[in-house]
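Note sheet for the following structure.
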């Protein structure tokens, strides 16, 4: 069985990590033999084959935004009509219908050294000729394998939202949490220094987390994404903290009176006491304590 990073063949993991650690895109020109098991999956033979075998609803991107931020769920029967009318389609959680995709997804996660808390998914995008996705950035990272057709990508560094915690589509209002850590006004069009990549069947593109990107298909296109949302240091720390605090009955107690004007002072006093216990314990924590709680397999 090939490892997940067979996707980047003939490049080495060292070459890939040089881009990965700089949060830069990485492209592999068309390859055949190594990815053959993926591209020859029967349901990827064509859009019609995919629709005929797909057991779940399909997400159709409405033309007002051309993005999943403005989409509807539809049946496989109606999805083809919407596609023929110029709407892109998204098939979510594709690994759930394919043991092979599940295996590649998990192997790729392990090869990247990502936490067991990582959310991994396979997505399939069907894009009509001349259409694509509006500029946006994701909180996840993607490996895109072009199956059919040609898709042009533009990718640009994001200087205004470093390490975003949520997805954002250009022109829409950022969520409240993102507003709290914005470093500047968001652009209204793709930056002029965006890099351009053209994916043909067999090409692989690594799209880093948080980078602006947009797409446009030349001819009807079908692409398979391996998408990973790894935990941040915030997630690892809070997960480990929860597991530690859950051992203490005082922390498991109902947070009573926090929204009652008369009882609020007592609630604050109780909470201050719990925080003082935590303050005494935290200086003794080490990274190994946290990682042993979140990724004990090592």
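Values for this structure:
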read-out: Burial order of peptide ranges 85-94, 285-294 (average beta-carbon count within 10 Å, highest first); value: 85-94, 285-294
read-out: Distance between the stretch 52-88 and the stretch 219-282 - C-alpha centres, whole angstrom; value: 37 Å
read-out: Cβ-derived FRET efficiency at R0 45 Å, residue 64 paired with residue 271, nearest 0.05; value: 0.50
read-out: Sorted by Cβ density within 10 Å, fewest first, the residues 273, 20, 125; value: 273, 20, 125
read-out: Listed peptides 254-260, 77-83 by packing density, highest first (mean Cβ within 10 Å); value: 77-83, 254-260
read-out: Rounded if a/c under 1.5, otherwise prolate or oblate - the stretch 1-79, Cα gyration tensor axes; value: oblate
read-out: Prolate/oblate/rounded call for the chain, Cα gyration tensor, a/c under 1.5 rounded; value: prolate
read-out: Calculated FRET value between residue 33 and residue 56, using beta carbons and R₀ = 30 Å, to 0.05; value: 0.45
read-out: Shape call, the stretch 233-294: gyration tensor on alpha carbons, a/c limit 1.5; value: prolate
read-out: Computed [θ] at 222 nm, helices only, for the chain once each DSSP H run of length n ≥ 4 contributes -39500 (n - 2.57); value: -8500 deg cm²/dmol
read-out: Cβ crowding within 10 Å averaged over residues, with 108-119, 206-217 ranked highest first; value: 206-217, 108-119
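Bear in mind these aren't lab numbers, they're just calculated from the coordinates by the rules spelled out. These numbers come from a predicted model, not from an experiment. No Cβ is skipped: glycine too gets one built from the backbone with ideal geometry, and neighbour counts run over all protein chains shown.
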